[in-house]
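One structure is given below, encoded as C-alpha cells.
The values are calculated or read from the model by the stated rules, or taken from the named source; none is laboratory data. Keep in mind the model is a prediction, meaning the values are calculated, not measured. Neighbour counts are summed over all protein chains in view; Cβ atoms, including those assigned to glycine, are modelled from backbone coordinates with ideal geometry. In case anyone asks, the SASA skips ligands and DNA or RNA and just uses the protein heavy atoms, side chains included. Shrake-Rupley method; radii C 1.70, N 1.55, O 1.52, S 1.80 Å.
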Amino acid sequence: MRVFVDTNIIISAILFPSGKTARVFSYLLEKHTVIISSYTKEECEEVFKRKFPLKRELLDIFFDGISFEEFNSPNKIDGKQYPKIRDIKDLPVLASAILSDSDILITGDKDFEDVKIDKPLIFTPTEYFDMIEEII
C-alpha cells in the first residue's frame, strides 16, 4: 500500500521516538511504501527552524535514515479541482496525497476530518494504530 504522511506525523515521530505515532511510522516503513512530498519536507524544515532550532539536525538524520518515495508537490494548485478543506494552507498536502496515488493519508491535522474523499482514506495515527493493532 502507498501511504502518504503529513508533516505533523514526521515531527511527532522525530520528537517522540517511543510514542504511538513513531510506532505507526515504523510500521508503515516496514510494511508499506511511505510517500513524503516536497511540500511536507519544506514544512518540516520551517517548523524545526522556527520551533526547534537546536534539534534541527534530527530532521536530516531522520530523512537520511529512512526509505521513502518523495513526491514533488505541484507549485500551483487550483482549489476547485480538489475536495473542500477547512484550512486552505492544507490544500498542498491534500493535493499531493491525491496526485501521488496514495491509498492512505495519515495526519493528525483536524482540518482533514471533514474532507469527503474516496481515495486516499484519511486516518489519524490513533485510528490507524487501532486498525493495525487488530491485525498484529
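Surface analysis of region 56-116 yields an accessible area of 61 Å² per residue, using protein heavy atoms and a 1.4 Å probe.
A simple spin-label model places the labels of ARG23 and ASP118 3.4 nm from each other, with each point 7 Å out along Cα-to-Cβ. Taking all Cα pairs closer than 8 Å and separated by 6 or more residues, the relative contact order of region 1-115 comes to 39 percent. Excluding same-chain neighbours fewer than eight residues apart, the aspartates and glutamates reachable from LYS84 by a Cα-Cα span under 12 Å are ASP111, GLU113, ASP114. How many angstrom lie between the Cα centre of region 42-85 and the Cα centre of region 89-136? So the two Cα centres are separated by 16 Å. The gain in end-to-end length when the ILE61 to LYS84 segment is fully stretched comes to 4.8 nm, 0.36 nm per residue minus the alpha carbon separation.
Across region 71-133, C-alpha contacts under 8 Å between residues 6 or more apart give a mean separation that, scaled by the residue count, equals a relative contact order of 31 percent.
The accessible surface of the chain, taken with every protein chain in place and a 1.4 Å probe, is 51 percent carbon and sulfur.
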